[in-house]
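K.L.:
Mind having a look at this structure? Questions to follow.
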Amino acid sequence: MAKTITVLGATGNVGGKLAARLLEKGAHVRVVARDAGRLAGLAAKGAEVLAGDAGDAAFLGKAFRGADAAFALLPPKYDAVDARAEQGATGEAQAKAIRESGIPFVVFLSSIGAHLPERTGPILGLHDQEARLRALSGVAVRALRPTYFMENHLFGIGLVKAQGIYGSPIRTDVAMPQIATADIAERAAERLLGPVPAGFVTEELLGPSDLTMPEAARALGASVGRPDLPYVVFPYEAAVQAMLSQGMSPSVAEAMVEMNRGFNDGWIVSERPRDARATTPTTIEEFARTVFAPAFGA
């Protein structure tokens, strides 16, 4: 019998790809998002669409009830007045819904560095949520901890087009793992459809290798005919102002900069060293060719 799986954040980079993959594998998929209209493509493939708030415990209880498993995450709210409080309220609601719905298994989208108790910006909210999920009884939880998303590079397309440079607050000498969200979705699908683990388990996802931002910039630039695309390190203060101009709240912008500082300082790292299980296949070159270049052209 096909499993019934509830997927939160189905309009996002990971959730959307995950829902499509689960449908391909024959699962009955309930997709959840605020805007049902944005789920029309998944509905056409056979998904059951539920429109509601990922921070509404009563709604989520209905979405989880009767399902064999669920994919959960804390969706970003870039205009949150208090980023930490927003994550906390959503996390509390989700934990309550999981506990009261009786769902037996949850795969939670966490992050590299979620084992750390401070100085991680938005990752700190995931640290808190892992603690909530770890405290639940009668439910198995697998917390996936992916590293820096390659899709983050898409936010730089406007800068590349306007100024012919790419940049961020990450220093040029910092080599860090980066991962394509398609690989996260594939691993989440494997876990949701596979054996249910006992208790609470964490799993790092670290992409194919570590690379610096200048190396990433060269791969991205090469995919759009700019093989010498220069990478520029932005001061933290300038990064905050840029994020504010894009509509982020001061709380969210400061949290993002704290996360960047954590990468620069070597503080935000994987809890466990890379091994075969943590290594995923999509290289920055493949991502640049199949995702960045088409987005750049559009």
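K.L.:
Can you pull out every residue in segment 274-291 that is in contact with a Leu (Cβ under 7 Å, 6 or more places away or on another chain) and either basic (Lys, Arg) or closer than 17 Å to residue 184 by Cβ (or both)? Give the steps one after another, and end with the answer.
P.N.:
Residues of segment 274-291 in contact with a Leu (Cβ under 7 Å, 6 or more places away or on another chain): 274, 278-280, 284, 288.
Hits for segment 274-291 are 274, 278, 279, 280, 284.
K.L.:
In addition: Within segment 149-167, how many residues are surrounded by fewer than 23 Cβ atoms within 10 Å (Cβ to Cβ) and either closer than 24 Å to residue 204 by Cα or of a type in the set (D, E, K, R) (or both)?
P.N.:
Of the residues in segment 149-167, the ones surrounded by fewer than 23 Cβ atoms within 10 Å (Cβ to Cβ) are 149, 151-152, 154-167.
Filter once more, so that each one left must be either closer than 24 Å to residue 204 by Cα or of a type in the set (D, E, K, R) (or both): 149, 151-152, 154, 161.
Residues in segment 149-167 being surrounded by fewer than 23 Cβ atoms within 10 Å (Cβ to Cβ) and either closer than 24 Å to residue 204 by Cα or of a type in the set (D, E, K, R) (or both): 5 in total.
Yes or no, residue by residue, for (1) touching a residue at least 12 places away in the same chain (Cβ under 8 Å); (2) under 14 Å from residue 113 (Cα atoms):
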residue: 249; (1), (2): yes, no
residue: 253; (1), (2): yes, no
residue: 273; (1), (2): no, yes
residue: 276; (1), (2): no, no
residue: 293; (1), (2): yes, no
residue: 298; (1), (2): no, no
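K.L.:
Oh, and also: Please verify whether residue 107 is outside any helix (DSSP H, G or I) and under 18 Å from the mean Cα position of the chain (by Cα), treating the condition exactly as stated.
P.N.:
Yes: the conditions hold for residue 107.
K.L.:
Testing residue 77 on (1) over 21 Å from the mean Cα position of the chain (by Cα); (2) of a type in the set (Lys, Arg); (3) in a loop (DSSP other than H, G, I, E, B), one condition comes back false. Which one is that?
P.N.:
(1)
K.L.:
Which number in (1) open to solvent by less than 30 Å² (accessible area, probe 1.4 Å); (2) within 21 Å of residue 111 (Cα to Cα); (3) of a type outside the set (S, T, N, Q); (4) out of contact with any Lys or Arg (no Cβ under 8 Å at 6 or more places or on another chain) marks the one condition that residue 135 misses?
P.N.:
(1)
K.L.:
Tell me which strands (runs of 3 or more DSSP E) are completely within segment 159-233 and hold 1 or more residues being among the aromatic types (Phe, Trp, Tyr) and under 28 Å from residue 262 (Cβ atoms), or say none if there are none. Reasoning before the result, please.
P.N.:
Numbers: elements: 166-168, 176-179, 200-205, 231-233.
Counting at least 1 such residues, we get 166-168, 200-205, 231-233.
K.L.:
Could you tell me which of the residues 40, 33, 10, 19 is over 17 Å from the mean Cα position of the chain (by Cα) and of a type in the set (Gly, Ala, Ser)?
P.N.:
Details: 33 fails: over 17 Å from the mean Cα position of the chain (by Cα); 10 fails: over 17 Å from the mean Cα position of the chain (by Cα); 19 fails: over 17 Å from the mean Cα position of the chain (by Cα).
Only one candidate qualifies: 40.
K.L.:
Also, I was wondering about something else. Using the structure shown, decide if residue 85 is in contact with a Leu (Cβ under 6 Å, 6 or more places away or on another chain) and either part of a loop (DSSP other than H, G, I, E, B) or without any contact (Cβ under 8 Å) to a residue 12 or more places away in the chain (or both). If you could, list the steps in order and put the result at the bottom.
P.N.:
Values: in contact with a Leu (Cβ under 6 Å, 6 or more places away or on another chain): no; either part of a loop (DSSP other than H, G, I, E, B) or without any contact (Cβ under 8 Å) to a residue 12 or more places away in the chain (or both): yes.
For residue 85, the condition - in contact with a Leu (Cβ under 6 Å, 6 or more places away or on another chain) and either part of a loop (DSSP other than H, G, I, E, B) or without any contact (Cβ under 8 Å) to a residue 12 or more places away in the chain (or both) - is not met.
K.L.:
In segment 1-50, how many are in contact with a Lys or Arg (Cβ under 7 Å, 6 or more places away or on another chain), among the hydrophobic types (A, V, I, L, M, F, W, C), surrounded by fewer than 20 Cβ atoms within 10 Å (Cβ to Cβ) and more than 24 Å from residue 151 (Cα to Cα)?
P.N.:
1
K.L.:
So which pairs qualify, if the first residue must be in segment 170-192 and at negative phi, the second must be of a type in the set (Gly, Ala, Ser) and at pLDDT 95 or above, the Cβ gap must be under 7 Å, and the two must be at least 6 apart or on different chains?
P.N.:
Every condition considered, the pairs that remain are 177/207; 178/207; 178/216; 179/207; 192/69.
The values are calculated or read from the model by the stated rules, or taken from the named source; none is laboratory data. What you see is a predicted model; the values in this text were computed from it and never measured. When we count neighbours, we look across all protein chains shown, and the Cβ atoms used for this are built from the backbone with ideal geometry, even at glycine. Calculation scope for accessible area: heavy atoms of the full protein, side chains included, ligands and nucleic acids excluded. Shrake-Rupley method; radii C 1.70, N 1.55, O 1.52, S 1.80 Å.
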